[in-house]
Amino acid sequence: MYVAIVFLPLFASMLAGFFGRLLGDRGAQLITCGAVSLAALLSLYAFYDVAILGHTQKVQLFEWIDSGSFEVAWALRIDQLTAVMLVVVCGVSALVHIYSIGYMAEDPHIPRFMSYLSLFTFAMLMLVTADNLVQLFFGWEGVGLASYLLIGFWYERPSANAAAIKAFLVNRIGDFGFALGIFGVFLVFDSVAFDQVFKSAPGMAGRSFEFLGWQVDIMTTLCLLLFVGAMGKSAQVPLHTWLPDAMEGPTPVSALIHAATMVTAGVFLVARFSPMFEYAPNALAVVAVVGAFTAFFAGTIGLAQNDIKRVIAYSTCSQLGYMFFAAGVHAYGAAIFHLFTHAFFKALLFLSAGAVIHAMHHEQDMRIMGGLRHHLKRTYVLFWIGSLALAGLPFFAGYFSKDIILEAAWAVHTGVGNFAFVLGLAAAVLTAFYSWRLIFMTFHGQPGARAPGRAAHPHGHDTHGHGSHGEAHAIHEAPPVMMIPLYILALGAIFAGLAFSDYFVGAGREAFWGEAIKVLPENDSIEAAHHAPLWVKLAPVAAGLIGILAAWYGYIRRPGLPGELAHTHAEAYRFLLNKWYFDEIYEFFLVRPAKWLGRLLWKGGDGRIIDGFGPDGIAASVLDLARRTSLLQTGFVYHYAFAMLIGVAILVTWYFATGHGG
């Protein structure tokens, strides 16, 4: 069964990719949707059998690498953490596959798109079922490759190509740290198998080794290197810049990458390596600080964005920050709980945004929208459900997972915990504000600047292959094949927190998690969170309500106020609109110098020196010599006769000069 869960998407991807022309659009859709949906159903049973009943197991497939002491088996590790991720990955992926049937109906390359979606799902499943670091790295890089293909799916657009390359390169920076971490783990533990590494981890606590010429703590160094990989994949500051640009891909890709799969890989990594992080408190402090700052930072940027998908993308970045600072205060179960609930409401928001974009003939600028609640009543309700869950309002899914994270941060009573708690509350206010700003700008008021015949976003998002419908067509709800996945996700956004709170972070958490997550008894922040005072428990809800009321006042009660504030505080507004100028800073200090150096080495080093004095220089010299020699061949007989006479004269002169004529 577990082999089928993992390899069904790969099988479907290969069929759709290699035989897409033979199968046709409908055949490719049926095969990929059917295979991933079957994997999703099997993952539900796996969740019940493994996570609820506790029947963990390991499926050995074959020996992969055997070189001296370096032994790597290809095996599927099916424990409670894996079971949760199987439900999240397969469930959201199946719904995205089905949704794509309607959303991508007019695209000319449907088999290729469906193949990429299934390939992405397979790579993510390989990642979450890995039993060793090499297998994990294989899935990790596979996810990066598939995301590159999906983000750049509309490869005719330069912006899509640039976004795909940017995502690939930024992730390579994180992956370099991850690779160093894998090398370090093998150096220290003489193994990359999880069981052996986790078993030996306590013995390495407090010990040091030499790294880059310094004596450093072993566990701290290894965990920080692994976390660098997590930062890249999960878009944490400063490796976050690829995530908003990834919106260049089709909306189903945005939902798949940003809701439940690629961006959550880093959170999964930290939770999986909790047996190591528990003995590296300084590394955990870094995780908490980076996560808390990212949650706040991304929230501030979301305030000023006008592209509906980019607002939700920065929301994803912010929520990932919550998950990381939860792990940083030892609340790994709360981090995975928020990952679980976030998958439902964030996929709901992204796909609902896709329904709006579909209805608006692929318009994404919220300033162009307005008053859509009269035309998209069901989508409007779905947006409210997703936003209420995102803001953590009772008793939606996000209420249970976000609250326990903030309570755990407060409960550890450390400077890092207090820092995370304060920034987490501030981020909660920002989250609620930009979520309802999106709702009010999109669904309330009057259309901002809609012009007849305008059918495409000024930046060209989500327009390729869909044709131009024109404003003459009435705004309408998405077809049932797109709406049914939204209804299923809405149920998860409402009930997932209430249904599973006890298992993930409640009284039954120890039995639920088993050995999948390790927390030292003295670090059990989730237990301490349950004894937090009432004001700590109410603070996140109050923060959400403050944000909602502020958005209502600014966009409904006094709709001119945001424009006035943007004009009065123009510098601050531009600062947020330009995303704290991270892209400009990287462009000036990294991209331009790298391009200059690359051009210098290419033109000067490789072209002029290596090729100039090497192959090209030798070839040029031979050609020059041959050209000069060819000048002697004039074709006139008297020239050749004269040359012969000169030759005879030289020969005779040489003969007499050397004394042979004496």
Do we find that Met219 is touching a residue at least 24 places away in the same chain (Cβ under 8 Å) and either within 26 Å of Gly321 (Cβ to Cβ) or among the acidic types (Asp, Glu) (or both) in this structure? yes
Which listed residue, of Ala295, Ala246, Ala285, is in a helix (DSSP H, G or I) and touching a Ser or Thr at 6+ places or on another chain (Cβ under 6 Å): Ala295
Show the residue pairs meeting these rules: Cβ distance below 9 Å; 6+ apart or different chains; first residue within the range 548-563 and closer than 17 Å to Asn306 by Cβ; second residue assigned to a helix (DSSP H, G or I) and open to solvent by 90 Å² or more (accessible area, probe 1.4 Å). Leu561/Tyr553
Conditions (1) within 16 Å of Asp245 (Cα to Cα); (2) without any contact (Cβ under 8 Å) to a residue 24 or more places away in the chain; number of the one not met by Leu577: (2)
Filter result for Ala167 (open to solvent by less than 10 Å² (accessible area, probe 1.4 Å) and either touching a residue at least 24 places away in the same chain (Cβ under 8 Å) or part of a loop (DSSP other than H, G, I, E, B) (or both)): yes
Quick check: is even one residue across the range 85-100 surrounded by fewer than 24 Cβ atoms within 10 Å (Cβ to Cβ) and in a helix (DSSP H, G or I)? yes
Picking from Leu239, Leu243, Leu224, the residue that is open to solvent by 10 Å² or more (accessible area, probe 1.4 Å), under 13 Å from the mean Cα position of the chain (by Cα) and under 23 Å from Gly177 (Cα atoms) would be Leu239
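Residues are listed down the side, and each one gets a yes or a no for (1) in contact with an Asp or Glu (Cβ under 6 Å, 6 or more places away or on another chain); (2) farther than 29 Å from Ala288 by Cα; (3) without any contact (Cβ under 8 Å) to a residue 40 or more places away in the chain:
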| residue | (1), (2), (3) |
| --- | --- |
| Asn306 | yes, yes, no |
| Tyr322 | no, no, no |
| His330 | no, no, no |
| Ala335 | no, no, no |
| His338 | no, no, no |
| Ile368 | no, yes, no |
| Thr379 | no, yes, no |
| Leu390 | no, no, no |
Residues located in the range 251-282, provided they are of a type in the set (Gly, Ala, Ser) and assigned to a helix (DSSP H, G or I): Ser254, Ala255, Ala259, Ala260, Ala265, Gly266, Ala271, Ser274
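Within the range 262-276, does at least one residue satisfy the condition of being charged (D, E, K, R) and open to solvent by 10 Å² or more (accessible area, probe 1.4 Å)? So that I can check it myself, show each step before the final result.
Step one: filter the range 262-276 for residues charged (D, E, K, R), giving 272.
Then drop every residue that is not open to solvent by 10 Å² or more (accessible area, probe 1.4 Å), which leaves none.
Scanning the range 262-276 turns up no residue that is charged (D, E, K, R) and open to solvent by 10 Å² or more (accessible area, probe 1.4 Å).
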Considering the range 394-434 alone, what residues qualify as being among the small types (Gly, Ala, Ser), open to solvent by less than 10 Å² (accessible area, probe 1.4 Å) and either closer than 22 Å to Ala551 by Cβ or without any contact (Cβ under 8 Å) to a residue 12 or more places away in the chain (or both)? Ala397, Gly398, Gly424, Ala427, Ala428, Ala432
Go through the range 504-528 and give me each residue that's under 19 Å from Thr341 (Cα atoms) and surrounded by fewer than 20 Cβ atoms within 10 Å (Cβ to Cβ). Gly506, Ala507, Gly508
When Leu61 is evaluated against the numbered criteria (1) closer than 26 Å to Ser254 by Cα; (2) surrounded by fewer than 24 Cβ atoms within 10 Å (Cβ to Cβ), which criterion, by number, is the only one it fails? (1)
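Condition check ((1) closer than 19 Å to Val329 by Cβ; (2) small (Gly, Ala, Ser); (3) at pLDDT 90 or above; (4) touching a Lys or Arg at 6+ places or on another chain (Cβ under 6 Å)) across all residues:
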| site | (1), (2), (3), (4) |
| --- | --- |
| Val429 | no, no, yes, no |
| Phe433 | no, no, yes, no |
| Gly448 | no, yes, no, yes |
| Arg454 | no, no, no, no |
| His459 | no, no, no, no |
| Ile484 | no, no, yes, no |
| Leu491 | no, no, yes, no |
| Val519 | yes, no, yes, no |
Checked Tyr148, Tyr116 against criteria (more than 30 Å from Gly68 (Cα to Cα) and in contact (Cβ under 8 Å) with a residue 60 or more places away in the chain); the one match is Tyr116
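Matching residues to (1) at pLDDT below 90; (2) open to solvent by 10 Å² or more (accessible area, probe 1.4 Å); (3) in contact with a helix residue (DSSP H, G or I) (Cβ under 6 Å, 6 or more places away or on another chain); (4) of a type in the set (Gly, Ala, Ser):
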| site | (1), (2), (3), (4) |
| --- | --- |
| Gly321 | no, no, yes, yes |
| His361 | yes, no, no, no |
| Arg373 | yes, yes, yes, no |
| Tyr380 | no, yes, yes, no |
Does His362 satisfy being free of Cβ contacts under 8 Å to residues at least 60 places away in the same chain and of a type outside the set (S, T, N, Q)? no
Can you pull out the residues in the range 277-302 that are surrounded by 21 or more Cβ atoms within 10 Å (Cβ to Cβ) and of a type in the set (Gly, Ala, Ser)? Ala280, Ala283, Ala288, Gly291, Ala292, Ala295, Ala298, Gly299, Gly302
What are the residues in the range 325-365 that are over 18 Å from Ser315 (Cβ atoms) and small (Gly, Ala, Ser), if any? Ala327, Gly328, Ala331, Gly333, Ala334, Ala359
Among (1) farther than 30 Å from Glu571 by Cα; (2) assigned to a helix (DSSP H, G or I), the one test that Thr634 misses: (2)
Out of all the residues in the range 303-319, which are open to solvent by less than 10 Å² (accessible area, probe 1.4 Å) and out of contact with any Lys or Arg (no Cβ under 9 Å at 6 or more places or on another chain)? Ile308, Lys309, Ala313, Cys317, Ser318
Looking for something basic (Lys, Arg), open to solvent by 10 Å² or more (accessible area, probe 1.4 Å) and farther than 19 Å from Thr264 by Cα - is there at least one such residue anywhere in the range 140-163? yes
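The values are calculated or read from the model by the stated rules, or taken from the named source; none is laboratory data. Predicted, not measured: the structure shown is a model, and the values here were computed from it. Positions of Cβ are backbone-derived with ideal geometry, glycine not excepted, and every protein chain shown enters the neighbour counts. We work out accessible area using only protein heavy atoms, side chains counted, and drop any ligands, DNA or RNA first. Shrake-Rupley method; radii C 1.70, N 1.55, O 1.52, S 1.80 Å.
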